[in-house]
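Before any comments, here is the structure.
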Amino acid sequence: KTANRQRKNRKKTIESLRSHMMQWMENKKLSFLKKAPLDIGIIAKMSKGRIKQRDLDNISKVVLDALKKQKNSNEPYLFEDDSQVIRLYLYKVEKEQMKNYETDALGIYARKHHPRKQILISFESRI
């Protein structure tokens, strides 16, 4: 039962990410990323309790699955396959606790891979 629940939760999370990122994935100006080698950055802002429960590798798998081309689908996508990812930057950070506010946040950044450029990501909250 636990494995089935985890698969359902994973699928639901991927669908949610795709719906939130749809405008980004539909953007014609980003179509050059579809087949390019990529640098991806993912920042997960989480509550203290969840930060201990969530593994970075699982977070990255879900995000990459949400952004890549879906099999047998004509839905928009950012890139064709996660094998295009040359550099992956992952970071978990504890979010500032706010009364009556329990939502975690993801910051996702993508660019064409550049072997001489570092990935610099701001941790400033926009919430």
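The values are calculated or read from the model by the stated rules, or taken from the named source; none is laboratory data. Values in this document were obtained by computation on a predicted structure and should not be read as measured data. Note: ideal-geometry Cβ built from the backbone for every residue, glycine included; neighbour counts use all protein chains shown. Areas reflect the complete protein model, heavy atoms only, side chains present, ligands, DNA and RNA absent. Shrake-Rupley method; radii C 1.70, N 1.55, O 1.52, S 1.80 Å.
Note on the stretch 19-28: residues that are open to solvent by 80 Å² or more (accessible area, probe 1.4 Å) and touching a residue at least 12 places away in the same chain (Cβ under 8 Å) total 1.
The set of residues in the stretch 31-55 that are in contact with a strand residue (DSSP E or B) (Cβ under 8 Å, 6 or more places away or on another chain) and over 14 Å from GLU94 (Cβ atoms) comprises PHE32, LEU33, LYS34, LYS35, ALA36, PRO37, LEU38, ASP39, ILE40, GLY41, ILE42. The one condition from (1) modelled with pLDDT of 85 or more; (2) at negative phi that LEU120 does not meet is (1). Restricting LEU67, LEU88 to residues that are surrounded by 12 or more Cβ atoms within 10 Å (Cβ to Cβ), farther than 16 Å from LYS35 by Cα and touching a helix residue (DSSP H, G or I) at 6+ places or on another chain (Cβ under 8 Å) narrows the list to LEU88. Annotation for the stretch 78-85: no member residue is surrounded by 14 or more Cβ atoms within 10 Å (Cβ to Cβ), under 12 Å from the mean Cα position of the chain (by Cα) and among the aromatic types (Phe, Trp, Tyr). From the list SER16, SER31, SER60, the one residue that fits, being among the small types (Gly, Ala, Ser), part of a helix (DSSP H, G or I) and either on the phi > 0 side of the Ramachandran plot or buried (at least 18 other Cβ atoms within 10 Å of the Cβ) (or both), is SER60. For the stretch 34-44, check the following and say yes or no: at least one residue is without any contact (Cβ under 8 Å) to a residue 40 or more places away in the chain, exposed (fewer than 15 other Cβ atoms within 10 Å of the Cβ) and out of contact with any Ser or Thr (no Cβ under 8 Å at 6 or more places or on another chain). There is no residue in the stretch 34-44 that is without any contact (Cβ under 8 Å) to a residue 40 or more places away in the chain, exposed (fewer than 15 other Cβ atoms within 10 Å of the Cβ) and out of contact with any Ser or Thr (no Cβ under 8 Å at 6 or more places or on another chain).
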